[in-house]
Protein chains: 4
Amino acid sequence: MGYQAAVLGASGFAGAELLRILQRHPTIEVGVAGARANAGRAVGSLYPGLFDDFDLTLVSLEEAAASEVDIVFSSLPHTHSARLFEGEDSRKLVDLAGDFRLHDPAVYREFYGEDHPAPGMLSDWTYGLTELHREEIAGSSRVANPGCYAAGALLAVIPLVSGGLIDPNTLHIDAKSGVSGAGRASGEGFDFASVNENLRPYAVTGHKHVAEIEQELGLLAGKPVRISFVPHLVPMTRGILVTSVGERRGDATTEELLEAYRAWYEAEPFVRVLGATELPQTKHLSGTNRAEVTVRVDERTERVVAISAIDNLGKGAAGQAIQNANLMLGLDETTALLGPGGVP
Amino acid sequence: MGYQAAVLGASGFAGAELLRILQRHPTIEVGVAGARANAGRAVGSLYPGLFDDFDLTLVSLEEAAASEVDIVFSSLPHTHSARLFEGEDSRKLVDLAGDFRLHDPAVYREFYGEDHPAPGMLSDWTYGLTELHREEIAGSSRVANPGCYAAGALLAVIPLVSGGLIDPNTLHIDAKSGVSGAGRASGEGFDFASVNENLRPYAVTGHKHVAEIEQELGLLAGKPVRISFVPHLVPMTRGILVTSVGERRGDATTEELLEAYRAWYEAEPFVRVLGATELPQTKHLSGTNRAEVTVRVDERTERVVAISAIDNLGKGAAGQAIQNANLMLGLDETTALLGPGGVP
Amino acid sequence: MGYQAAVLGASGFAGAELLRILQRHPTIEVGVAGARANAGRAVGSLYPGLFDDFDLTLVSLEEAAASEVDIVFSSLPHTHSARLFEGEDSRKLVDLAGDFRLHDPAVYREFYGEDHPAPGMLSDWTYGLTELHREEIAGSSRVANPGCYAAGALLAVIPLVSGGLIDPNTLHIDAKSGVSGAGRASGEGFDFASVNENLRPYAVTGHKHVAEIEQELGLLAGKPVRISFVPHLVPMTRGILVTSVGERRGDATTEELLEAYRAWYEAEPFVRVLGATELPQTKHLSGTNRAEVTVRVDERTERVVAISAIDNLGKGAAGQAIQNANLMLGLDETTALLGPGGVP
Amino acid sequence: MGYQAAVLGASGFAGAELLRILQRHPTIEVGVAGARANAGRAVGSLYPGLFDDFDLTLVSLEEAAASEVDIVFSSLPHTHSARLFEGEDSRKLVDLAGDFRLHDPAVYREFYGEDHPAPGMLSDWTYGLTELHREEIAGSSRVANPGCYAAGALLAVIPLVSGGLIDPNTLHIDAKSGVSGAGRASGEGFDFASVNENLRPYAVTGHKHVAEIEQELGLLAGKPVRISFVPHLVPMTRGILVTSVGERRGDATTEELLEAYRAWYEAEPFVRVLGATELPQTKHLSGTNRAEVTVRVDERTERVVAISAIDNLGKGAAGQAIQNANLMLGLDETTALLGPGGVP
């Protein structure tokens, strides 16, 4: 028995990655794909790498959004989902944008700079980091996929905050991302000559993903959490590396913290805990839904450094969305998501 | 029913790509992997991208070469295979090096600068470009995989030479490759700072792959063929683009030549002929066994320009080797080799 | 005594490179810089790398074009110069676009796809490859700077065609360029994710620069010349590498051809002839006005391979323009143009 | 009147950058250059970008170290200088390694893992970050150039620590560097395929540069300072970006902190303070001795984020060394060091 899926925003990088992964999926078939600017164009002409796998012509967003399918993936910019999915809906919905990640509309206003377009719907959605909310996701029909930075940041520090091993309000998170996170056709500053041989920070305070990181860490800590966060743009296409630091509580050693990580992630199919002699690298998991995480104590400063690597289009977007979809449809969570990353 | 495989040279890029692809193979299982320098090391420590998929420790070359398996893939440098496989052998052998690609030991001496180590064995081997020798490969137990440049160059011009549409002795082939073709640990001149933001030619005359290109084109043309060939190193990891030019015979138009290409490659599962408005790009097929080819007439000079793109580690090495192995074992030729390339 | 210069198109890459080089010029001062889209913006905000060196605000093109200066550099797209400089003009003019490179308006129509906007002015302009027309440039007040590919291609083969060492009508030129040649804000296909880890050809027949290459080679050969030419886009910011091949006339050896190159370029301050053991690399001369050239005989095919490397923004654009300006103003030709390239 | 210089370690990247900059120097001439592995090789063959500027053959380290020159630049790995310069020396010495940066041999032992080879000489050397010790450097004959990360980190936070605007013991410094910092021929993990499209941390605790950062911040703070520091390797050749965070003391706004930065760096010829709407980028100053710095208050967490960008081979190595040499020789500090960075 199979499921039909609609992909909204299929001409963007996350949308294309959804198609790329779903091409291997034995149970979910992409029945319709919608786009804003590229409606009418064949998937294979827009993304020749998908040419042999999809005989699919992009339709308008409206048509795709209205299609009778079992599950809808939306990788449209935020505010689209709130409008497209405002009514009753018997379909499963996975939204890759920020519309429904936050539970509190006031926090949404603070970080998104405008009132939430549909605050009444917020409680219908589940925050979709599987490692935190697996059961809730499996029982939900509306899942808000995490932001790419949030996925990386949370995976880096969950065992620390959950275990009370650091003071969460001392956390500083330094994140570095490849440029595919900024999407296609991203204009001035994203041409090759501006990105290549260059490194730059942006959104030094108030990045939108801070809100969801704080929300989820607050749930783990049992109290409000405030963190600082600085993202950077790195001259590569895919990958996020997150380096977090916070004040240690207690006197756990690196080995003890690694043990806590191994315990927390023991049953997780996509998270690999690296030991004391290995460090995460984005290339290890490029093109996959995997994460690498590790942790060290800096004895001189009594701080803990936690590091994670993910593919921003994988665990940071499309891979995570399909992991959630698998759960929502009662399938094996890893379907279509296993297999190695690029070598080299 | 399954097959056991040995991979020799598993710590190199082509060896790692063999592992990466075979991980998805439903029938061929990697039973043993051998390496020179890295024997004793776990595959997952050498290539963390393969960590979750292989619980395999590299053994010595000798041990791997002697293993009782159904099929052996060797991605060792040339001269190794001639020594390792000199005796009777009931196993299927696919060699990715240059030892057995040439039929004529005199040509081997001219291009490799030394006598062939085992000229008596040359006739046991089949040249393994599937698009030229499918049936022979299927019936063979020893297949010599093409050189990466040769695979790209031949796919670009086969329909022209085969159809008598150009004068093959006027062919000039300009090839550009990413650096993974040079292998791992490749020393001075291959560090990032020397490759990045740089472009350079090498082996301007006499590149080893010229010999096999000429051999195969000679068979197609029914007479000896001599070509010129210049390879270049491009600041990217994967991909080969080949741009060939030769004098047109007759007065075929671009559209007629494209028709000849479509006819030749019609049943080929891995070759996509691009029409008059598209051009090959390496990124389209990065990570796959695919090729993109196209052709144009330059009416002003009465020349024909033929262009192909492949992944040097895919159709140029490991993908092609597994395509051959599938045929040799009586399996569907595309097993483990379909699916999209990287997006973006 | 100093000269005042106007730079038109200062917000593009070639315009910025003109500013960068002129910043070091002891005699020519940039008095005004004009741009289309960025008029009103400070040079240092558009190009922070120039921040400390220019306290200059971009003005409109019209204002800059009308300024009373000694010399005008225009790096606007073609057709602009023909309109801006149609009247009498006592200023020296160096145009980096294609408006006045061709002597024959019929050829212009063939390659540019439209009638020449000011055919009556063509004879006022000198083709500005210094190595071919030094004296004429020194005596001229209007110089049309060569196209970037044309500069690279001509430097590679001038000694061959001039000396009758090849048959010029057999020439095929394969050119590879970094993406800064396509200019800033170049839209779809030029974002980092589309360029990085990718290699692609374009304009496989009929590139505009073919016209000027043929014109200049025809002058050297004393008869019409037709060549084929294929450009490629390489994932790097700066640099052009040209690999040319043609049929040898006579039986000159590589060493004899190198001698002819050394003789031709002996007094040239910016062209370095590499011997039989060295090959051009773009990184060697990144950021400079230099060229590296070399030549080889392919004895097996009786062909000659000639290779050159330049910086597309240096000898291929701004450096060459300033070399010409120095000559036009009676200055030492190398002023502001010497000094090493990037290391590494 | 001119000075003769010796460059030790001329075959490394920092050594080559010393040559590149000194080529423009009107007063300091490179009389001799020494190298370990490449003695006997011409500078122009090792670095063709320097070909036209240096007719210099590398000599042995011993010969270069013993040469009678006015000033010696050593970019050898640490422990070399301590041995080469142990006796009386009338020459000026600038060491780019770590031998003499630390005042306390116990700290050296802690971070370098061995006893200091010449503790008695430590007091003869001045720490060479010009912005901190200009007068002392001008009067010194032995200057220890800062580590590349230390230069970037100190420039980012000096005004904060000096002004008591943050609690220095809460500082966390996240640093990202291009790979030229690791030097030439740097072996496994530094080939193009391992670096490209990859991002990785290293030395998560205990990097050697921490010691000198703490030493200098301690001097500014008037008390011992302990910081945490995590460096990362970014797929680019040149550039360091440092992002520092610490707890604000008092209630200064971003604008007030920027004012403090402007005041501190007002007379500094190489440090540009960016305002509230600009952020440092490494490309802005690639190839120069410049730094860009800026600062922000994160009001939500009461933390201060300070960011700097330098070229690791410029202000992080060779540029800084020549700035120091200019001071030591009584020259204008900016000699040979002004001029724009790469555009684009």
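Some notes on this structure:
- At R0 = 56 Å, FRET efficiency that the Cβ-Cβ distance of D:GLU62 and D:ALA203 yields, to 0.05: 0.95
- For the stretch D:1-63: rounded, prolate or oblate by the Cα gyration tensor [a/c cutoff 1.5]: oblate
- Candidates per GluC sites (Glu not before Pro) in the stretch C:88-181, loop by DSSP, up to 13 other Cβ within 10 Å: C:GLU88, C:GLU114
- Prolate/oblate/rounded label for the stretch B:166-320 (Cα gyration tensor, a/c 1.5): prolate
- Backbone HN-Hα couplings from phi across the stretch C:115-124 [Karplus 6.51/-1.76/1.60, Hz, Gly and Pro as x]: 5, 5, x, 8, x, x, 8, 4, 6, 7
- Cut-off under 5 Å, modelled amide H: who pairs with B:ALA33 long-range: B:VAL7, B:VAL59
- Contact order for chain A, expressed relative to its length and based on alpha carbon pairs under 8 Å spaced 6+ residues apart, stands at 17 percent.
- Cβ nearest the rotation axis (C onto B), residue from chain C and distance to the nearest whole Å: C:ASP174, 2
- ³J(HN,Hα), Karplus 6.51/-1.76/1.60, whole Hz, each residue of the stretch C:196-204, x for Gly, Pro: 4, 6, 8, 8, 8, x, 7, 6, 4
- Just so you know, the Rg over Rh for the protein assembly as shown is 0.96, from Cα atoms, with Rh as the Kirkwood radius.
- Ascending count of other beta-carbon atoms within 10 Å, so fewest first, for A:ASP332, B:ASP52: A:ASP332, B:ASP52
- Förster radius 35 Å - calculated FRET efficiency between A:THR334 and B:ASP332, Cβ distance, rounded to 0.05: 0.90
- The ranking of B:TYR265, D:TYR127, A:TYR202 by Cβ neighbour count inside 10 Å, starting from the fewest, reads A:TYR202, B:TYR265, D:TYR127.
- Spin-label model, D:GLU110 to A:GLU299: label points 7 Å out along the Cα-to-beta-carbon direction sit 1.2 nm apart.
- Excluding same-chain neighbours fewer than eight residues apart, the lysines reachable from B:LYS92 by a Cα-Cα span under 28 Å are B:LYS208, B:LYS315.
- The simple spin-label model puts a point 7 Å past each Cα toward its Cβ; for C:GLU188 and B:GLU255 those points are separated by 2.5 nm.
- Relative to the globular-protein estimate of 2.2 N^0.38 Å, the Cα radius of gyration of chain C stands at 0.96.
- Ellipticity estimate at 222 nm from DSSP helix runs (n ≥ 4, -39,500 (n - 2.57)) divided over the protein assembly as shown, nearest 500: -7500 deg cm²/dmol
- Sparse-neighbour loop sites [GluC sites (Glu not before Pro); the stretch D:146-242; at most 12 other C-beta within 10 Å; DSSP]: D:GLU188
- Comparing C:ALA175, C:ALA64, C:ALA193 in a Gaussian network model of chain C where C-alpha atoms under 10 Å apart are linked, the largest mean-square fluctuation is found at C:ALA193.
- Convex hull volume per residue in cubic angstrom - Cα atoms of the stretch D:35-128: 121
- Normalised by 2.2 N^0.38 Å, where N is the number of residues, the alpha-carbon radius of gyration of the stretch C:182-268 equals 1.45.
- Fewest-first sequence of C:VAL204, B:VAL143 by Cβ atoms within 10 Å of each Cβ: C:VAL204, B:VAL143
- Centre-to-centre, using Cα atoms only, the stretch B:304-326 and the stretch D:30-104 are separated by 48 Å.
- Listed residues C:ALA14, C:ALA318, C:ALA182, most fluctuating in chain C (Gaussian network, C-alpha, under 10 Å): C:ALA182
- Starting from the label point of B:GLU266 at 7 Å along Cα→Cβ, the same points in the other copies fall at 6.1, 6.3, 8.3 nm, in ascending order.
- Ascending distances from the C:GLU278 label point to its copies in the other chains, with the point 7 Å along the Cα-to-beta-carbon line: 3.9, 4.4, 4.6 nm.
- Distances in nm from A:ASP332 to the matching label points in the other copies, shortest first (labels 7 Å along Cα to Cβ): 1.8, 7.3, 7.5
- Backbone geometry of the stretch C:7-19 corresponds, through the Karplus equation with coefficients 6.51, -1.76 and 1.60 at θ = phi - 60°, to 3J(HN,Hα) couplings of 10, 9, x, 6, 8, x, 5, 5, x, 4, 5, 4, 4 Hz, x marking Gly and Pro.
- Listed residues D:ALA118, D:ALA267, D:ALA306, most fluctuating in chain D (Gaussian network, C-alpha, under 10 Å): D:ALA267
- 0 to 90° range, to nearest 10: angle between helix D:209-221 axis and chain D longest Cα axis: 60
Values in this text are rule-based calculations from the coordinates and carry no lab data. These figures come from a predicted structure and were not determined experimentally. Don't worry about glycine lacking a Cβ; one is built from the backbone with ideal geometry, like all the others, and counts go over all protein chains shown.
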